[in-house]
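Student: Before we start, here is the structure in question, set down as structure tokens.
The values are calculated or read from the model by the stated rules, or taken from the named source; none is laboratory data. Just so you know, these numbers come straight off a predicted model, no measurement behind them. We place every Cβ from the backbone using ideal geometry, glycine too, and count neighbours over all the protein chains shown.
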Amino acid sequence: MAILSIRIIGDPVLRTPAEEVTEFGPELAKLIEDMAETMADVRGAGLAAPQVGISKRIFTYSVDGAEGHVINPVIAASDDFAPDEPEGCLSVPGLGFSVRRHRWVRITGVDKNGGPLDMEATGLLAKCFQHETDHLDGKLYVDRLEGEDRKTALRAIRTANYHNVTAETLTKRARTVGSAFGAGAAG
Ligand code: ZN
């Protein structure tokens, strides 16, 4: 097991649509273990593989006692939306904004052994599934902001000088934000 370093906004891997997983074996299992350990270390609700520099369609999650991973996820969502609630991201440390998310999702995919997964979710878990699947499409939650929130977020990101601080500092900051939002801080 190992703690992986988390990529921060500005890293091109976060903007690259991730590839489908086609090989299942011990290497994949180890990556998922390391991702779960890294996510627990920073108290994240979710972590997508591109956030640790791996451009593959994999994420781990831990929300209100529901824990696991999904590979090659496909989401079907309800037409209605969940109540607004601030969302954070380990790759955009120090910020939190409300994003419009579907109230209900059905997510299908496979597990690390290639076995089928099929889950339904509402509440924070549904938001987490949408947030993490966005990561696999090269999308960050701040991209979904509109109006004043979008301006505020972009200004904060510009002035944050993420490249001037060490990865360690960022991890600590992410942890603080994670605690502040409780389970609301998705990966
Ligand atoms: Zn995220």
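Student: Report yes if I54 is assigned to a helix (DSSP H, G or I) and modelled with pLDDT of 95 or more, otherwise no.
Tutor: Numbers: assigned to a helix (DSSP H, G or I): no; modelled with pLDDT of 95 or more: yes.
So I54 fails the test.
Student: Can you name the residue in segment 149-179 that is of a type in the set (S, T, N, Q), closer than 23 Å to I3 by Cα and in a helix (DSSP H, G or I) and, of all such residues, is modelled with the lowest pLDDT? Spell out the reasoning first.
Tutor: Going through segment 149-179, the residues of a type in the set (S, T, N, Q) turn out to be 152, 159, 161, 164, 166, 169, 171, 176, 179.
So of that shortlist, the ones also closer than 23 Å to I3 by Cα come out as 164, 166, 169, 171, 176, 179.
Applying the additional criterion that residues be in a helix (DSSP H, G or I) yields 164, 169, 171, 176, 179.
Details: N164: 54, T169: 55, T171: 59, T176: 49, S179: 36.
Residue satisfying both the conditions and the ranking: S179.
Student: Are there any pairs with C-beta distances below 6 angstrom linking a residue in segment 37-61 that is under 16 Å from D137 (Cβ atoms) and within 11 Å of the ligand (Cβ to nearest atom) to a residue that is assigned to a loop (DSSP other than H, G, I, E, B) and not small (G, A, S), with the two at least 6 apart or on different chains, and if so which?
Tutor: Cβ pairs passing all conditions: Q51/I6; Q51/R7.
Student: Something else now. Condition (residue is modelled with pLDDT of 95 or more, over 17 Å from the mean Cα position of the chain (by Cα), in a loop (DSSP other than H, G, I, E, B) and more than 15 Å from the ligand (Cβ to nearest atom)) applied to segment 131-148: is it met by at least one residue?
Tutor: Looking for residues that are modelled with pLDDT of 95 or more, over 17 Å from the mean Cα position of the chain (by Cα), in a loop (DSSP other than H, G, I, E, B) and more than 15 Å from the ligand (Cβ to nearest atom), one finds none in segment 131-148, hence no.
Student: Scan segment 83-93 for residues that are surrounded by fewer than 16 Cβ atoms within 10 Å (Cβ to Cβ) and of a type outside the set (D, E, K, R) and report the count. Walk me through it before giving the result.
Tutor: Filtering segment 83-93 down to residues surrounded by fewer than 16 Cβ atoms within 10 Å (Cβ to Cβ) leaves 83-86.
Next cut, of a type outside the set (D, E, K, R) only: 83, 86.
Here the count works out to 2.
Student: Could I ask something else about it? Kindly indicate the residue of segment 1-51 that is among the basic types (K, R) and over 19 Å from Y162 (Cα atoms) and also modelled with the lowest pLDDT among those meeting that condition. Before you say what the answer is, go through the steps one by one.
Tutor: In the first step, residues of segment 1-51 are kept if they are among the basic types (K, R); the result is 7, 15, 30, 43.
Cutting the leftovers down to over 19 Å from Y162 (Cα atoms) gives us 30, 43.
Details: K30: 97, R43: 91.
If we take residues in segment 1-51 being among the basic types (K, R) and over 19 Å from Y162 (Cα atoms), then R43 is modelled with the lowest pLDDT.
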